[in-house]
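Inspection log for the structure reproduced underneath, given as structure tokens.
Just so it is clear, none of the values below were taken in a lab; they were calculated from the coordinates. Since the structure is predicted, the reported quantities are computational estimates derived from the model, not experimental observations. With ideal geometry, Cβ positions are generated from the backbone for all residues, glycine too; neighbour counts draw on all protein chains shown.
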Amino acid sequence: MASRAEVECWLTDMDGVLVHENHPLPGASELIQQWTDDGTEFLVLTNNSIFTPRDLAARLRASGLDVPEDRIWTSALATADFCASQIPGGSAFVIGEAGMTTALHEAGFVMTETDPDYVVVGETRNYSFEAITKAIRLIDTGARFIATNPDPTGPSVDGPLPATGAISALITKATGKDPYVVGKPNPMMFRSAMNKIGAHSENTGMIGDRMDTDIVAGIEAGLHTVLVLTGISDQREIERYPFRPAEVLDGVHQLVRP
């Protein structure tokens, strides 16, 4: 892994690193401006597959962060990129929202309920018993099972919500088949992001707030890993794992030059 001085390109998680509950975290705006002024290649990553990059860019802008949509890489985009690399011009049955279906359409896929190549499960707030039943039957008859991310729950102002991992587990229980998960902690997501910006692991850094997704995937992808303590993981959480990030910082403000 490179030292920070050798890092020329950056990948960064979004929630808990740049924003928290739609408010920018200290130093986030300044760091993005620093990268932009320096001509540093970067991507903002998220495991959330509900929104398109355009949606997320608008949400970030409303939070006070100016991140162009072409600087956002979602698990939906990574999933579509993976599927297209395996079966170009293929077909899929999707449980998910516009972020997932748009990414697959733009990758040349057809959405269908008839003999699809893939069943793709992503994030949605509108899970239906009918759609889950259809997914189970399609997987039983040969469709390949893909999930955008393994997260069992997602946050809301009222508490946790069931997320992709929970729905995937239901389908796995019914079919006996585990999904291939493209998003974090699969380093596949980081590799596809690096391909998008022409980066190499030897000179790329990853900033995240979770040991169990951002940091482990960054280490497995050979990146310089930076854990910030503005999100999920704290010092006690770090001690639970056998691996360590290259750096632990209080927040991204410590990456901004004075």
Open item on the list: Expected output is a single nm value to one decimal: the length gained when fully extending between Thr114 and Glu6, i.e. 0.36 nm times separation in residues minus the C-alpha distance. What is it?
Closed with: 33.9 nm
- [ ] Using only Cα atoms, locate the centre of segment 169-193 and the centre of segment 59-124, then give the distance between them in Å, rounded to an integer.
- [x] 14 Å
- [ ] Could you list the GluC sites (Glu not before Pro) in segment 181-252 that lie in coil according to DSSP, counting only those with at most 15 other Cβ atoms within 10 Å of their Cβ?
- [x] Glu239
TODO: When you have a sec, figure out the Kirkwood radius of segment 1-140 from all distinct Cα pair distances and drop it here in Å to one decimal?
DONE: 16.6 Å
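Estimate the FRET efficiency between Asp178 and Asn22 by the formula 1/(1 + (r/R0)^6), using the beta-carbon distance for r and 45 Å for R0, to the nearest 0.05.
Efficiency at R0 = 45 Å is approximately 0.85.
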- [ ] Quick one: check the C-alpha center-to-center distance for segment 131-166 versus segment 238-254, whole angstrom.
- [x] 30 Å
- [ ] Obtain the nm distance between the two label points defined at Asn203 and Tyr241 by a simple spin-label model: each point lies 7 Å from its Cα along the Cα-to-C-beta direction.
- [x] 2.7 nm
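Mean 1/r over all different Cα pairs, inverted: what Kirkwood radius does segment 209-258 give, in Å?
Evaluated on segment 209-258, it is 11.0 Å.
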- [ ] Loop sites only, by DSSP: take the trypsin sites (Lys or Arg not before Pro) in the chain that have at most 13 other C-beta atoms within 10 Å and name the longest stretch containing none of them.
- [x] 1-124
Task: Helical contribution to [θ] at 222 nm, DSSP H n ≥ 4, -39,500 (n - 2.57), averaged over the chain, rounded to 500 - done: -9500 deg cm²/dmol
TODO: Please list, in chain and number order, the residues 5+ apart from Tyr118 or on another chain whose amide H is under 5 Å from its amide H, with Hs placed from the backbone.
DONE: Ser91, Ala92, Phe93, Arg144
Task: Additional length obtainable on full extension of the chain from Glu30 to Ala166, 0.36 nm per residue less Cα span - done: 45.3 nm
Task: Computed over segment 113-222: relative contact order in percent, which uses C-alpha pairs under 8 Å that are six or more apart - done: 21 percent
Task: Value of Rg/Rh across segment 57-165 [Cα atoms, Kirkwood radius] - done: 1.01
Task: Debye, to nearest 20: dipole size of the chain, +1 on Lys, Arg Cβ, -1 on Asp, Glu Cβ - done: 500 debye
